[in-house]
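The values are calculated or read from the model by the stated rules, or taken from the named source; none is laboratory data. Nothing here was measured: the structure is a model prediction, and the numbers come from that model. We place every Cβ from the backbone using ideal geometry, glycine too, and count neighbours over all the protein chains shown. To get the accessible areas, we keep the full protein, side chains included, count just its heavy atoms, and leave off ligands, DNA and RNA. Shrake-Rupley method; radii C 1.70, N 1.55, O 1.52, S 1.80 Å.
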Amino acid sequence: MSQTTPVVAVRRRDTPGPPPGGSEFTPLMRVVKSQALLERRYGWYARVIALNAFALAGVAAGVVLLGDTWWTLLLAPVLAVLCARTAFIGHDAGHAQITGGKAAGRLIGLIHGNLLLGMSYSWWNHKHNRHHANPNHIDKDPDVAADVLVFTGEQAKERTGFRRWLTQRQAWLFFPLTLLEGVALKIQGFKDLRRQSPEERSVEAVLLVIHVAGYAALLLTSMSPGKALAFAALHQALFGLHLGLSFAPNHKGMEMPDVSGEPWGHLRRQVLTSRNIRGGLLTDWFLGGLNYQIEHHLFPSMPRPHLRLVQPLVRAHCRELGIPYAETGLVDSYRQALRHMHEVGEPLRAEQGHI
């Protein structure tokens, strides 16, 4: 399907609210299907995967050719950006955006996750699918569970010791902490092997070990241990930061469903908890299409290049129903997310007299 396919607005109704006998989401899905926006874009993804693989191979060759010199560290930021592209491909594979076949999608995910990044595809899918089912639900979404960061006042009240100190300062520490995210994701993948079935674990574990061995071999055979360590530290830190910059704007500071209230329907559950980022093709590239977070959550299997096309449909449908559609600039999205985390920690700072 061409990216220039015209977009037809969802038919307007005279009164807001769900249609009689149906859901608020059904009319939107009907139009999306009629415009074939859920159809696969095999050619687009084939180009993206091929170009990414070629670029990764080029960086690896550059590391070998430059060898034992500090100039080789200039390739670490490039590799970090390419690894983020690789993660976006694995993400899309997990959502069946690339291929409808489960086996083919898993193969793509294993290659881009386990083999190329050292991140467990099974762990990521298990966690991420629960997030998509109940975004920002404090009891069901693992992304807002109390861990290093907390997202509600109730979570903050339970913090003690060092974690309490972290919560008081979590807005200031958020982006510095993302420098550790690349390594943390790898550790989580190895820890998750215990949860996996024997068959799944045998494949995942082998690929994770191959990644670690290959990564270490590339660096240690090309440069001294000191330079190799510096390269790895810079690469992994910038990779984690890039992922943090991509994920931070999506849900932090958005609505959080009342766990004791009436459940929201699919449309409201996904729209009210998500935030879009304005921008053009550069923003699409840098954020891997996650800047269309609302559309992605409504249609998780929709190919990435179609998210821009479906956005006018979703925005118009939300306007018709009177549902807030959150969209802001990239810098302001970070400001909103950090403000929310700062406010969550405010009571703890007040108790100790911090401003």
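Some observations on this one:
- Filter result for T273 (open to solvent by less than 10 Å² (accessible area, probe 1.4 Å) and more than 14 Å from the chain's Cα centre (by Cα)): yes
- Exactly one residue out of A84, A80, A76, A60 is surrounded by fewer than 17 Cβ atoms within 10 Å (Cβ to Cβ) and at pLDDT 95 or above, and it is A60.
- Here the condition is being surrounded by fewer than 21 Cβ atoms within 10 Å (Cβ to Cβ), modelled with pLDDT of 95 or more and basic (K, R); of R319, R349, R304, it holds for R319 alone.
- All of H112, H132, H95, H91 fail the test of being surrounded by fewer than 19 Cβ atoms within 10 Å (Cβ to Cβ) and not basic (K, R), apart from H132.
- The sole residue among I89, I98 that is at negative phi, in contact with a helix residue (DSSP H, G or I) (Cβ under 6 Å, 6 or more places away or on another chain) and in contact (Cβ under 8 Å) with a residue 60 or more places away in the chain is I98.
- With respect to the stated conditions, V259 is open to solvent by 30 Å² or more (accessible area, probe 1.4 Å) and of a type outside the set (K, R).
- Residue match in region 237-249 (condition: part of a helix (DSSP H, G or I), open to solvent by 50 Å² or more (accessible area, probe 1.4 Å), in contact (Cβ under 8 Å) with a residue 60 or more places away in the chain and within 29 Å of V59 (Cα to Cα)): yes
- The residue of region 164-212 that is nearest to the chain's Cα centre (by Cα), among those that are loosely packed, with under 13 Cβ neighbours inside 10 Å and part of a loop (DSSP other than H, G, I, E, B), is R195.
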